[in-house]
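One structure is given below, encoded as structure tokens.
The values are calculated or read from the model by the stated rules, or taken from the named source; none is laboratory data. Note that the structure is predicted; figures quoted are calculated from it, not measured. Cβ coordinates were reconstructed from backbone atoms using ideal geometry, including for glycine residues, and neighbour counts include every protein chain displayed.
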There are 2 protein chains.
Amino acid sequence: MADRQKHLGLFTDLYELTMAAAYFENQFTAKASFELFVRSLPRERSFLLTAGLEQALEYLENVRFGEEEIEYLRRQPVFGHISDGFFDYLRDFRFTGEVWAVPEGTPVFGEEPLLRVTAPIIQAQVIETFLLSSLTFQTMIASKAARVVEAAERRNVVEFGSRRAHGPGAGLLAARAAYIGGCAGTSNVEAGRRFGIPVFGTMAHSFVMAYAKEEEAFQRFQQLFPEHGVLLIDTYDTLAAIDKIIQKKLHPTAVRLDSGDLLDLATRVRQKLDQAGLNQTRIFASGDLNEFTIADLLARGAPIDAFGVGTALATSKDAPTLGGVYKLVDLESETGIVYRAKFSEEKTTYPGPKQIFRFPDGAGTYRHDIIGRQSEKYSDAVGLLELVMRDGKRIAPSPCIEDIQKRASEELKKIPATCRRLRDATPYPVMFSKELENLLATVRQQTLKVAEAEYS
Amino acid sequence: MADRQKHLGLFTDLYELTMAAAYFENQFTAKASFELFVRSLPRERSFLLTAGLEQALEYLENVRFGEEEIEYLRRQPVFGHISDGFFDYLRDFRFTGEVWAVPEGTPVFGEEPLLRVTAPIIQAQVIETFLLSSLTFQTMIASKAARVVEAAERRNVVEFGSRRAHGPGAGLLAARAAYIGGCAGTSNVEAGRRFGIPVFGTMAHSFVMAYAKEEEAFQRFQQLFPEHGVLLIDTYDTLAAIDKIIQKKLHPTAVRLDSGDLLDLATRVRQKLDQAGLNQTRIFASGDLNEFTIADLLARGAPIDAFGVGTALATSKDAPTLGGVYKLVDLESETGIVYRAKFSEEKTTYPGPKQIFRFPDGAGTYRHDIIGRQSEKYSDAVGLLELVMRDGKRIAPSPCIEDIQKRASEELKKIPATCRRLRDATPYPVMFSKELENLLATVRQQTLKVAEAEYS
């Protein structure tokens, strides 16, 4: 994984480095601020849940360019006119900036900045690609997980998707984000070890198939894992498998269904288990599940106690990307800070450093958010962006992952329930402040004036 | 990235390790064969293009359990009844098996095995998760890339999606797979260095916004990158930007459009460039492109010379998962090799080691495939699965990535064009051999007999 590597400098887009070279050669050393946000939520989402900040900060503390990386760059024809000075600069490259961010486990919405970097412009630019992919991927998965967990109505949901994730690294990060979103744990063992997440597992069809008789596989597994054994019963004939378990007087913690009509099978399996006095044996279901199939199963009364969710969760299958962007909002100049915005037809960005002001209604729920200028004050609102890094160093230790999960659960409950519905959710109200709109208008006018001056 | 790490043993699902412990404690050391395949293609795909084998083999040669990993496992309550012997076994764990695989850059279809592992069952089981996520992710991206490149009709397509990929590791692997699928290169610099892929870049809106005047940004960039500069012209007003470039007598290699009506803008920009004698300046387009928008732009005559494709490509957005599975197909026993299959209602798997036989029609095109038993012979067919690893070591050096890309391009051309259409493609004919169907019937009957005997 990236976070274990020594030199992460090249984990970026080439243009970040050509722009860096251009800034360097032009002695453009001004500090700049960039904000990272998701323009709009995918159709299938009514909120996002932040995750991935930990990996982003780890990267910022460790990003370096090694000799091998620098030599590689030097050999690229595009850098043919770039001086040695730039490569010396890369050799000593450190991130020395300031970072404001929304803590992990916070519900957020479209246009709300998740993070702001203020640093010499080269530094602030080079880190764009890594920050975007770290923050938006985990945020996407945590958001999906929160939906799945909500659908499961407090039953355990285990993240099972590593094999279908976008490579081994994605599986690891998906497990972390899914836990933040409320999952009970993951099947990914390295994620368990590295992030301190509970790990869960059952057995595969191959284990059943490896023995001549299904009940032999069950017996041998149950003997070794008496308190943790989950027996997979759908390899051949689900109901026959349950009969064997009963006949052989096995008392598994749980049995797992992985195919077929889960409502019907769970109902019959529950009946058989109860008739045999195995009331303690729980039913665990998996097999291409998502928030909608889970909600449907439970609405129809399926006696399922826990769910394993793989592909849909680890890839956020119905909304597999977030439109995360990282935009310049201000810049030091000889005359002080100047604000920057982009005004192309489709995509306007707001200038200047911002704060998300979240307004509680006094009854335990949030009423709305205002995206305003950082300098604004609202006595009845909470500002979500916090200073997390100064001079390239974290200013406080990271919260443990249980606390992040707890925060997520508590904060989500404060978002109105209608805004969290799986389908047809009411949009949570987010507005731009008057002051910010005024600043946008001013910057727009200045930009137009410059443009006119050029043509006059 | 995973491939740089020392100990990859825990990059797996917990159940692989509980099953491993159960096999170990029961002295179940028989060799088993597992085959990895994609059950069926997503609705949006008519072929897959294999990729990711290189990372899978690298993993197999290097998978280990370090002390820290073993201690972590030992502390998990689920292993409470497992002997020290098992942890000693993990300490010495090596993959010592045999691997057959379809070479990277080969078109394949649903049900066709991409890889077969034969190894002592614990080894063959533990590696499942990593193999699946390595092979199916890159295969998915290479397949998407092949579609995008086909749509671009030999114009260059550059993979630009790292920032939207599923984390930094996914971005790196996506760049590799996209190159195999026919992309000209990637924006991901580390992918360029590590895999020897050409890297490309332009400039960001922030670079234009960092200067008070747009033309100053253009001039400074053009001066430093005279042969490689691609100027981004949509930050404020695309046509005004082109006028500035002409007025200032800049001669950029290319200009980039990233928003707006690309057909209209490209047409007007081309006109302006040509009128000013800048016939050599190419037009590069990006902005939420995919195979359909590219095909549409070109069909309507957009004078675009190259494309940057990000999100849609690096996440295979319209089909962001492949249903990859890894199934037990045979097993050593006291009486020789026994074949295994799974017969649950929805998901039958075929038993025994297989080969994909691909039949050329003698005129440079492939007619159909037969999935048969490994032992079958067809004088007029090519067998796609090749022996790539024996005793845990590769038997030949890996092909270089250019050769893989070349193979992909050549082999794709041999698939009938109707089977490669972007929409409504004719399914390429794939059948199971008579011998394999017979084997399935035999194994099914044996399994039923065992089941009956148990109940009698």
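For the reader, a short list of remarks on this structure follows.
- Reported count of residues in the stretch B:135-158, each being surrounded by 24 or more Cβ atoms within 10 Å (Cβ to Cβ) and under 16 Å from B:Ala425 (Cα atoms), is 5.
- Scanning the stretch B:350-394 for residues that are surrounded by 21 or more Cβ atoms within 10 Å (Cβ to Cβ) and either within 14 Å of chain A (Cβ to nearest Cβ) or at pLDDT below 95 (or both) yields B:Tyr350, B:Pro351, B:Gly352.
- Within the stretch A:153-215, helices (runs of 4 or more DSSP H) holding 3 or more residues that are more than 9 Å from chain B (Cβ to nearest Cβ): A:168-180
- Of all the criteria given as (1) more than 30 Å from A:Asp264 (Cα to Cα); (2) surrounded by 19 or more Cβ atoms within 10 Å (Cβ to Cβ); (3) β-branched (Val, Ile, Thr), the one not satisfied by A:Thr281 is (1).
- Considering residues of the stretch A:331-348 that are under 26 Å from B:Phe160 (Cα atoms) and not polar (S, T, N, Q) only, the residue farthest from the other protein chains (Cβ to nearest Cβ): A:Ala341
- Residues of the stretch A:222-237 that turn out to be within 8 Å of another protein chain (Cβ to nearest Cβ) and assigned to a loop (DSSP other than H, G, I, E, B), as a count: 8
- Conditions (1) more than 10 Å from chain A (Cβ to nearest Cβ); (2) crowded, with 24+ Cβ neighbours inside 10 Å; (3) not basic (Lys, Arg): number failed by B:Leu131: (1)
- In the condition set (1) within 11 Å of chain A (Cβ to nearest Cβ); (2) under 30 Å from A:Leu322 (Cα atoms), B:Ala240 is compliant with all but (2).
- A:Pro397 falls short on exactly one of the conditions (1) crowded, with 17+ Cβ neighbours inside 10 Å; (2) over 27 Å from A:Lys144 (Cβ atoms); (3) out of contact with any Asp or Glu (no Cβ under 7 Å at 6 or more places or on another chain), and that condition is (1).
- Elements of type strands (runs of 3 or more DSSP E) contained in the stretch B:287-379, each with 1 or more residues being under 30 Å from B:Val269 (Cα atoms), in contact (Cβ under 8 Å) with a residue 12 or more places away in the chain and not polar (S, T, N, Q): B:306-309
- Among residues of the stretch A:269-323, those that are farther than 20 Å from A:Gly167 by Cα and modelled with pLDDT of 95 or more, counted: 37
- Condition met for B:Leu384 (closer than 22 Å to B:Phe109 by Cβ and touching a Lys or Arg at 6+ places or on another chain (Cβ under 7 Å)): yes
- A:Arg421 meets each of the listed conditions (1) touching a Phe, Trp or Tyr at 6+ places or on another chain (Cβ under 9 Å); (2) part of a loop (DSSP other than H, G, I, E, B) apart from (1).
- B:Leu114 meets the conditions (1) touching a Lys or Arg at 6+ places or on another chain (Cβ under 8 Å); (2) outside any loop (DSSP other than H, G, I, E, B); (3) under 20 Å from B:Leu384 (Cβ atoms) in every case but one. The failed one is (1).
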